[in-house]
Amino acid sequence: MSYLDRIGACHVWRPDDYRPFLLEGDRRPLGWVTHAFAGRLRDFPNVFDVSDTAVVLPARYGDFESRSAAIEEPMRRLYEAGEIPKWRGEDYGISRRWGEPTLFKMERAAVPLLGLPAYGVHLNGYVQTPEGPRLWVGRRARNKAVAPGKLDHLVAGGQPYGLGLIANLVKEAAEEASVPADLAGRAKPVGALRYLCAREEGQRNDVLFCFDLELPADFAPRPNDDEVEEFFLWPMERVLERLRDSDDFKFNVALVNIDFAVRHGALRPDDEPTYQRIVDGLQGRFED
C-alpha cells in the first residue's frame with residue numbers, strides 16, 4: 001500500500017461501464033449511469049428517455065421545479081422496491097459546477113445512482129505543537145451505511161440544498177463534534193478536491209471543499225449524534241503511517257488528509273520519492 005494507492009482509490013472507474021446522463025438539448029454529460037441501472041430506468045418512460053448510449057431527461061422538464069418533481073417519483077419508487085437502501089430525507093442541489101445555476105434538487109441517497117455532481121465540506125481540526133500539527137481523527141459509527149467504523153475527519157458532511165457552505169460546516173461541527181459555533185466559524189477555506197469513482201452506492205462525482213481549523217490545546221471534541229463513536233488526537237506521523245500502510249481511513253478522507261500533510265509540510269519532497277506524483281494525483285493527474 002502507499003499514499004498513491006489511497007489517492008488512486010478515489011479515481012477508479014471504467015467509462016465503458018456507464019452511459020452519460022444528459023439534459024435534452026445539452027450534449028455535456030451531467031452524470032454517469034451504469035448500464036444495469038439505465039435498464040432499470042426504462043421502467044419510467046414518462047421521466048427518462050433511455051437508449052443504448054445515454055439516459056436523457058426530456059426538455060419538457062425544462063426548469064428547476066419540473067425537473068425536481070419528475071425525478072423524485074421514480075427515486076421514491078426505487079426506494080420502496082429496496083433498490084435505494086436508505087432514504088435520507090435530505091436534498092442535494094445539482095449543478096454542473098459550484099456557483100452555477102442549480103438545475104434541480106433530489107434525494108441525497110439517489111445522487112450516486114445517476115453519477116451526478118455532489119458537494120461536501122471536510123474540516124481538518126488540528127492542534128499546533130512545537131513538533132508540528134496534531135490532527136483530530138474521528139471513528140465513524142459502525143452502523144453507518146457508508147464506510148462503517150472507518151477513520152474520519154473531525155467534521156465532514158454532504159452539502160444540502162439551500163444551505164451555505166460555512167453554515168453547513170458550523171451545523172455539522174456542532175452535530176458531530178460539539179464544536180461551538182464561534183469556534184467552528186474560524187475555519188479557513190483552503191481549497192477543493194474533486195474525484196470521480198465507482199463505489200457500492202454508485203458513481204461518486206464529488207467536490208470536497210476543504211477547511212482547516214486550528215483548535216485550542218484544551219479543546220476536546222465530543223460526539224453529539226450517532227455518526228461518530230470517538231475522537232483521537234494523533235501526531236501527523238501516526239496519521240501518515242495509517243494512510244500509507246492501511247485503508248483504515250474512509251476513502252475520500254484519506255484524500256483530504258494527504259492534502260493537509262502536503263500543505264503543512266508533513267509530507268516533504270526531500271523525504272517522499274513519490275511527492276510529485278502525490279501532488280499531481282490530488283488534482284486528478286496521473287501522467288508518468
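The values are calculated or read from the model by the stated rules, or taken from the named source; none is laboratory data. Please read all numbers here as calculations on a predicted model, not as lab measurements. All Cβ positions, even for glycine, are placed from backbone atoms using ideal geometry, and neighbour counts span all protein chains on display. Calculation scope for accessible area: heavy atoms of the full protein, side chains included, ligands and nucleic acids excluded. Shrake-Rupley method; radii C 1.70, N 1.55, O 1.52, S 1.80 Å.
Before moving on, here are some points about what is shown:
- Computed label-point distance, nm, for sites ARG238 and LEU163 using a 7 Å Cα→Cβ extension: 3.0 nm
- Net charge of Cβ neighbours under 15 Å - reference TRP87; Lys, Arg +1; Asp, Glu -1: -2
- Simple rule: put +1 on each Lys or Arg Cβ and -1 on each Asp or Glu Cβ in the chain, find the dipole, and look at LEU30, CYS10, GLY281; the Cα lying farthest toward the positive end is LEU30.
- Sorted into 10 angstrom bins from 0, the C-alpha pair distances of the stretch 142-288 split as 10, 37, 40, 13, 1 percent.
- Here LYS150 is the anchor, and the aspartates and glutamates within straight C-alpha reach of less than 13 Å, apart from those fewer than 8 places off in the same chain, are GLU227, GLU229, GLU230, ASP247, ASP248.
- Of the residues ASP245, ASP16, ASP280, ranked by 1.4 Å probe accessible area with the largest first, the sequence reads ASP16, ASP245, ASP280.
- Estimated from helical segments only, the mean residue ellipticity of the chain at 222 nm is -8000 deg cm²/dmol, where each DSSP H run of four or more residues counts as -39500 (n - 2.57).
- Taking the three principal axes of the alpha carbon atoms in the chain, the coordinate ranges are 63, 44, 33 Å, sorted in descending order.
- Accessible carbon and sulfur surface of the chain relative to its total accessible area, %, 1.4 Å: 47 percent
- Alpha-carbon centroids, the stretch 120-146 and the stretch 167-216: separation in whole Å: 10 Å
- Listed by chain and number, the lysines placed with their C-alpha closer than 17 angstrom to that of LYS86 are LYS144; residues fewer than eight positions away on the same chain are left out.
- Cross-link partners of LYS188 among lysines (Cα-Cα below 24 Å; sequence separation of 8 or more within a chain): LYS171, LYS250
- Relative contact order [Cα under 8 Å, 6+ residues apart], the stretch 137-288, whole percent: 23 percent
- Remark: the stretch 244-287 carries 50 Å² of accessible area per residue (probe radius 1.4 Å; ligands, DNA and RNA excluded).
- Cα gyration tensor, the stretch 126-197 - rounded (a/c under 1.5), prolate or oblate: rounded
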